[in-house]
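Coordinate-derived values only; no laboratory data. Please read these numbers as outputs of a predicted model, since none were measured by experiment. Cβ coordinates were reconstructed from backbone atoms using ideal geometry, including for glycine residues, and neighbour counts include every protein chain displayed.
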Amino acid sequence: SKPRVLDFGCGEEAVLTGMLEAAGYECVPYDPLYGLTKGFQGEFDIVLMCEVFEHLKKPREELDRIASITENGFVIMQTRYRPESKVEFQSWWYKEDPTHILFAAQNTIEHVSAAIGKRVWKSQRGGTVILGPVSSARRTAAKGHEEK
């Protein structure tokens, strides 16, 4: 069966949700800003966070909630890492959006993922991150459980 997916912070149109559903996936939209709040029910194999991290007022609290519904699953996050130098940050266009209130460095994401019981499986320079189970043994055990 195909993975169960949560589109966390999907936006009013929930475009990615629609695309995944059209491809046959069970995808649940979640975005409290637009009244889409039924998302945190059950376990998910994948949680997508596309351009969401920078809007979170309480990132640790939200990521803890996500970790609780993806114990053996993955979090795929697209954000933009903040520039490392103060000079680059001052001229960085991304910080000009008033709804962007949180800017993380790559090592911040690594620290946060460890704090919520995940590990960084892949991280691209621009800010696409895949967080997954801490060990492949947990993942293998989960697969064995599903087959029973």
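Once Rh for segment 1-40 is found with the Kirkwood sum over Cα pairs, what is the Stokes-Einstein diffusion coefficient at 10 °C and 1.306 mPa s, in µm²/s? Working shown, then result.
Numbers: Rh = 10.0 Å.
The estimated diffusion coefficient comes to 159 µm²/s.
Taking a quarter of the surface of the Cα convex hull of the chain, what do you get in nm²?
Numbers: hull surface 37.6 nm².
For the Cα atoms of the chain, the hull's average projected area reads 9.4 nm².
How high is the relative contact order of the chain, given as a whole-number percent (alpha carbon pairs under 8 Å, six or more residues apart)?
Numbers: 242 pairs, mean separation 29.4, N = 148.
This gives 20 percent for the chain.
By the gyration tensor of its Cα atoms, with a ≥ b ≥ c the square roots of the eigenvalues, what is the shape of segment 41-106: rounded for a/c under 1.5, prolate for a/b over b/c, or oblate?
Values: a/c = 2.91, a/b = 2.46, b/c = 1.18.
Note, shape of segment 41-106 comes out prolate.
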In nm, spacing of pseudo-spin labels at residue 121 and residue 84 (7 Å Cα→C-beta vector): 2.7
